[in-house]
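Chemist: Below is a structure I'd like to ask you about.
A short reminder: the numbers here are calculations on the coordinates, not readings from a lab. All of these numbers come straight from a predicted model, not from anything done at the bench. FYI the Cβ positions are ideal-geometry reconstructions off the backbone, even for glycines, and counts take in every protein chain you see.
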Amino acid sequence: MQSGWKQFLKRRFASASEYQCLGIHYCRKGLSISVFKAHGDRSVWVMQHFIPVENWQSELESWVKQNKLTKTPTYLFLSTDHYELVQVDKPTVADEEIAQALRWSVQDLVALEGDLAVDYFEVPAQPTGANKINVVVSQAQDIKNLSEGIVNSELTLRQISVAELAACDLLYGQEEPCVSITQEAGQDVCLSIVKDGQLYFSRRLRGYDNIKSFSPDELRMGSIDNLTLEVQRSMDYFESQLRQAAIRKIVVSMESPHLNVICDIMRELTLIDVEPLAYTFGVDDSIPVKDVFHCSLAAATANQLIEGEV
């Protein structure tokens, strides 16, 4: 994202950590953390941890010291519990004034009240005649508390982002359009369409909380059919309204022990390639992969992109 929250990131330290980067997904229940080390030209996921939301600041500070993570570049991803995402007409002001203009225009569009932190990201393709931008709104005090809690733990906060944009990092380098279907534990399904590192379309789908408990036979009784119908509608919008090339690939990362069955069902219904999300980084043998860490894993690519800009 381009502006707004950058004011909370002014305090930065030179990195002197043996770790490459650290990703935090902040949700209602707490902090899901992923830690990476550089092995040659590749990032490797070497550590995972969860900190309950109660007293997370002191817990994080102790954990960072215990694991010698001081000054590790850190990327924070907010769950949908902590912000609202709306699409509005782009203000006709100079780029440096957009965030301030949005602060006033979105007040009547969101349920949040009081002092708001507002940020935005562009829409790469739009229906004919539209000029929209995606606006992210959160409580300013929440962002301040989060950033201070991370900095006070002696981590180097590099970026604050949102769940919808995690797919852009995880699918970075995918030049052709791709549908991403992801689900963090306890969260709604996030359906995104990403092309060349940019988010073209995103929506949240409710009603799939029990997918993780379904057997293969139960999965074939209609729930995945309904999910696939939503995917097909989204692909139709992408191709017809946004005038983009046909999508030939879907990647899935959901909280289910039968992910391959889900992919098989969707492949049969869409007649295109459907496969589990494959990570571009390595995974240390010592950690059990958990889908709950999906957003925090986007830090690996986010760090590489920011380091490449320096």
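Chemist: Suppose every Lys and Arg Cβ carries +1 and every Asp and Glu Cβ carries -1, with no other charges. What dipole size does the chain come out with about its Cα centre, to the nearest 20 debye?
Modeler: 460
Chemist: Take the eigenvalues of the Cα gyration tensor for the range 174-276, scale each by 5, and report the square roots as semi-axes in whole Å, largest first.
Modeler: 23, 14, 12
Chemist: Which pairs, out of Lys37/Lys71; Lys90/Lys249; Lys144/Lys195; Lys29/Lys212; Lys37/Lys65, put more than 22 Å between their alpha-carbon atoms?
Modeler: Pairs exceeding 22 Å: Lys90/Lys249; Lys144/Lys195.
Chemist: Continuing with this model, one more query. About its Cα centre, what dipole magnitude does the range 174-276 give when the only charges are +1 on Lys and Arg Cβ and -1 on Asp and Glu Cβ, stated in debye to the nearest 20?
Modeler: Dipole of the range 174-276, to the nearest 20 debye: 280 debye.
Chemist: What translational D, rounded to a whole number of µm²/s, comes out for the range 168-220 from Stokes-Einstein when the hydrodynamic radius is the Kirkwood one over Cα pairs, at 37 °C and 0.692 mPa s?
Modeler: For the chosen part, D equals 266 µm²/s.
Chemist: To make sure I understand, if each residue's beta carbon is the centre and we count other beta carbons within 10 Å, what order do Asp188, Asp81, Asp217 fall in, fewest to most?
Modeler: The most exposed by this proxy come first: Asp217, Asp81, Asp188.
Chemist: Here are a few candidate values for volume of the Cα convex hull per residue in Å³: (i) 161; (ii) 124; (iii) 141. Which one was actually calculated from the structure I just gave you?
Modeler: (iii)
Chemist: Let me ask something else about it. Place the peptides 247-258, 102-113 in order of packing, highest mean first, counting for every residue the other Cβ atoms within 10 Å and averaging per peptide.
Modeler: 247-258, 102-113
Chemist: How high is the relative contact order of the chain? Use alpha-carbon pairs under 8 Å, at least six apart in sequence, and give a whole percent.
Modeler: 21
Chemist: Related question: Can you show me the helix-derived [θ] at 222 nm for the chain, built from DSSP H runs with n ≥ 4 at -39,500 (n - 2.57) apiece and divided by the number of residues, rounded to the nearest 500.
Modeler: Helices in the chain give a 222 nm mean residue ellipticity of -8000 deg cm²/dmol.
Chemist: Rounded, prolate or oblate for the range 83-139? Axes are the square roots of the Cα gyration tensor eigenvalues, ordered a ≥ b ≥ c, and the cut-off for rounded is a/c under 1.5.
Modeler: Prolate, because a/c is 1.5 or more and a/b exceeds b/c.
Chemist: Let me check against my output: what whole-number percent is the relative contact order of the range 174-276, with C-alpha pairs under 8 Å and at least 6 apart?
Modeler: In percent, rounded to a whole number, it is 30.
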